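The values are calculated or read from the model by the stated rules, or taken from the named source; none is laboratory data. These numbers come from a predicted model, not from an experiment. Positions of Cβ are generated from backbone atoms using ideal geometry, with glycine treated the same way; all protein chains shown enter the neighbour counts.
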Amino acid sequence: MGLRVEVRRVLPGFLLDLDFSSEAKIVGILGNSGSGKTMSLRAIAGLEPSVRGRVELNGRTLFDSARRINLPPQRRHLGFLMQDYALFPHLTVAENVAFGLGRVSAEEARARVMEQLVAVQLQGLEDRRPHQLSGGQQQRVALARALITKPEAILLDEPLSALDVHLRSQMEALLIETLSAFPGVALYVTHNLEEVYRLAEEIVILCNGKRVGAGAKEEIFRRPQTVTVARVTGCKNFSRVRRIGERQVEALEWGCALRLQESVPEGFDSVGIRAHHLTFTANAEDPNTFPCALVRSIEGPFRMTLYLKLLLAQASAAHHHLQAEITRESWESLRNRPSPWLVRLDPCRIMPLRNDGDVRDGNGGSNNSTAPSVQA
């Protein structure tokens, strides 16, 4: 049972070559813009032609190029919530939701439409048209339409991306409630890290049309295996390393020796540490503690982003080496400390990684000379 996907599609300048399988109830597809997330959903739904592969859902074959099976979208029994909602402007809310029900009696259609409108909290709005609705209401209409046929799986393409912060929070709560009650499989596409972590059970990482990571969300975020997966899941700090001991490496870009919590795995030639895992200490004897200088800082409503240069003889000549994120409260106490500050890279927080071609410099591939220049 579950979902098995192998799809390959060739476009000018882009190749979608995706494969994964999962028995999870909610699977997130996470990737940056242009990674092929929407194309993947459309290929699974039969809206984009695939030149090779297969798609199986709960043991039922939807597509198999070798066996020349290619069910049309209406026979795949999938619900699709598109990013732009794709509501029909000339139809009422009730008519939009009922679209696709097929040959059912008017009485059954009305009953099923009302059931879905109650589920998405739109009762009383069935006679309105899309232009008379807010963005959140339009999204709920699209969600009700995707669910009314009682599909085996529902595909959701960045459903919260067009909403403001307040509506996004409300709709996320509704989606969590709706998907928890949905008996089938849900594929949830997004580039929002926190969103996919809250909603999905398993995550597929997509980069340049290919799966570069997959697994339980906790494992993907806590123990990414490659630089690409770490980067897509929000890690900002990377360095190539050279092994100098069982639990010790030399970080080549940062110019320092690092102690790791565990033995360095074979084939791992880089390390990463997330910006919010960097800490500041007054004890120079703490493991992995180094003097640093503040290059730039960016002020946010609740957190500060700090760009740090390590004051080490062997450190590279990068404009900055590390990016840290701290609360505004921590910033108020830190900013008055005499320089140089002492930054600590907790051995428990350092992630051994394989360099899959995505490490281009010590701060995760960005050009240090273009680091934001707002000074706090």
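Numbers below:
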| item | result |
| --- | --- |
| Residue match in the range 125-135 (condition: part of a helix (DSSP H, G or I), out of contact with any Gly (no Cβ under 8 Å at 6 or more places or on another chain), surrounded by 18 or more Cβ atoms within 10 Å (Cβ to Cβ) and in the same structural domain as Glu201 (by TED's automatic domain parsing)) | yes |
| Enumeration of residues in the range 321-356 that are of a type in the set (A, V, I, L, M) and in a helix (DSSP H, G or I) | Leu334 |
| Odd one out for Arg54 among (1) on the phi < 0 side of the Ramachandran plot; (2) free of Cβ contacts under 8 Å to residues at least 24 places away in the same chain; (3) of a type outside the set (Ser, Thr, Tyr) | (2) |
| In the range 1-41, the residues that are touching a residue at least 60 places away in the same chain (Cβ under 8 Å), in contact with a helix residue (DSSP H, G or I) (Cβ under 8 Å, 6 or more places away or on another chain) and β-branched (Val, Ile, Thr) | Ile26, Ile29 |
| Check on Ser35, surrounded by 21 or more Cβ atoms within 10 Å (Cβ to Cβ) and among the hydroxyl-bearing types (Ser, Thr, Tyr) | yes |
| Hits in the range 258-286 - residues which are part of a strand (DSSP E or B) and over 14 Å from Pro352 (Cα atoms) | Thr279, Phe280 |
| Residue ID - surrounded by the fewest Cβ atoms within 10 Å (Cβ to Cβ), chosen from residues in the range 287-320 that are outside any loop (DSSP other than H, G, I, E, B) and among the aliphatic types (A, V, I, L, M) | Ala293 |
| Residue in the range 11-54 that is modelled with the lowest pLDDT, counting only those that are β-branched (Val, Ile, Thr) and touching an Asp or Glu at 6+ places or on another chain (Cβ under 9 Å) | Thr38 |
| Which numbered condition Val120 misses (of (1) buried (at least 19 other Cβ atoms within 10 Å of the Cβ); (2) closer than 23 Å to Arg198 by Cβ; (3) within 24 Å of the chain's Cα centre (by Cα); (4) at pLDDT 90 or above) | (3) |
| Test: residue in the range 360-375 that is more than 16 Å from Asp269 (Cα to Cα), in the same structural domain as Ala324 (by TED's automatic domain parsing) and modelled with pLDDT of 50 or more | no |
| Count of residues meeting criterion [over 30 Å from Leu193 (Cα atoms) and in contact with a strand residue (DSSP E or B) (Cβ under 9 Å, 6 or more places away or on another chain)] in the range 235-246 | 4 |
| Top-ranked residue of the range 97-117 - restricted to ones that are crowded, with 16+ Cβ neighbours inside 10 Å and of a type in the set (Gly, Ala, Ser), ranked as nearest to Leu160 (Cα to Cα) | Ala98 |
